[in-house]
Structure formats: structure tokens, C-alpha cells
1. Fewest first, what order do Asp224, Asp120, Asp101 take by the number of other Cβ atoms within 10 Å?
2. Using a 10 Å cut-off around each Cβ, can you sort His124, His94 from fewest to most neighbouring Cβ atoms?
3. Sort Met70, Met190 by Cβ crowding within 10 Å, fewest neighbours at the top.
4. Once you place label points 7 Å from the Cα toward the Cβ at Lys77 and Lys141, how far apart are they in nm?
Amino acid sequence: MLGNQTELNTSSDWIAYPDELRMLKTKGFTVRSTMKNYEVVGPPAAGAFRERPSKATTFRKFYERGEFPMALEHDAKGNHIAWKVKIEELDYHHFLPLFFDGLCETAHPYEFFARQGVHDMLEHGGPKIQPVIPQLIIPIKNALNTRNRQVICTTLKVLQQLVMSGDKVGAALVRYYRQILPIFNIFKNMNINSGDGIHYSQQKRENIGDLIQETLEVFERFGDD
């Protein structure tokens, strides 16, 4: 090779230049992957972030059969649930897992009733909540596993309220961390880069990465015996 003259190597498929080589891409575990000047391309994304639609929920079936003692009311403050019985008198072993099952819902009115029903029952449950924890784990996992951003954000907020809803609730949840936290690891770095401004999702507490960090801090604070 003389001066700046390029030389075409007919025995390969790259062009050599005096000061640099154009890297070629190849798959791993091939002969070329061991050769100089070949860059190994990783496998395609496994779809960890892809949404996974949930099956029809038991919550929806019960709602459509009119088996929840509640109705939708609207006033100047917006929509809310009008309970037909005192919330404290509800059978928490029966109703609370059903409302948690509805956290997978994204369509109106199911999503609203499930979310608001969980909120109201956790707010008024007191000592009734801790014994029901084992029944809530599968609905929580199902909601997180949908990979739906809206559902995950709602579930994270519910988890924070759940842990703070009564004595020893946080401690009772510790043994189930291994079933809940894997989804946290997938989405923990998913934050919207909004520069110097505050993104709308942050104003609404809809930023998954921030909510996961908040939830982990709440777990740590209330997870001790």
C-alpha cells in the first residue's frame, strides 16, 4: 500500500484504509465473530418492556353481575364511589382481593371502580388488612406483569398506600418481595429526560422510575418488624 492510496482486499468484504478499518457486524458464536475487524451484534431485545394484555378479570365479572355494594356518583369534585354499606363492615377477605384483581383494568368504568375501591378499603381497613396480604400477592403480580405503564403506576401507588395502611402490613409484605420486585428491576431506570423543566408525568406522579424509587423507600421504611 502506497501513501494514501486505498487497497481493496478481494478476499474479504471490508475496505482497508491507512489509518482505520471499517468494522463489520456479525452474529455471535460464528467463525467471523472470532475474526479481527468484526463486531458482534447482540441478540434482539427480548421484549421485556412489551405490554402483555391481561385476561378478563374476576373483578369485571363481579361488577357486571352487580355484586359490589357501590354505585358511581358525580359531584363538583368529580367521580367517586357511593358505598351502599359501611366500608368497615365489608368482608375484606372477599372484597379486597377482588378490587386488587381489578388493578389490571384500563377501561372505564372498571379501572375507576377498582382503583377507587382499593383506595377506600385501604383507608378504612385498619387491622382487617394485614391478614389478607397473602391473597393480594397474585393480583399485584398480575397487574405489574401487564407491563402497561398506566397499570404499573397505579399499582405502585397502591403498594405505597398498602404498606402504610396498618400496623405490620409492611412487615407482612417482606416475604413476598421476591415475587414483586423483578418488575421493579425492569422499569427502575425508565425515566423521562425532561431537561430543566418538570415533565407533566412527574407532576401527576406517573413517572415509573421515580415511583419505583419512592415505593422502595416506603418498603424500607415500613418493612421492619
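Just so you know, all these numbers are worked out from the coordinates, no wet-lab data involved. Given the structure is predicted, the values throughout are model-derived calculations rather than measurements. Here the Cβ positions follow ideal geometry from the backbone for every residue, glycine too, while neighbour counts run over all protein chains shown.
1. Numbers: Asp224 9, Asp120 17, Asp101 24.
Listing Asp224, Asp120, Asp101 from fewest to most nearby Cβ atoms yields Asp224, Asp120, Asp101.
2. Details: His124 17, His94 12.
Ordered from fewest to most neighbouring Cβ atoms within 10 Å, His124, His94 come out as His94, His124.
3. So the residues, fewest neighbours to most, are Met190, Met70.
4. Placing both labels 7 Å along Cα→Cβ, they lie 3.7 nm apart.
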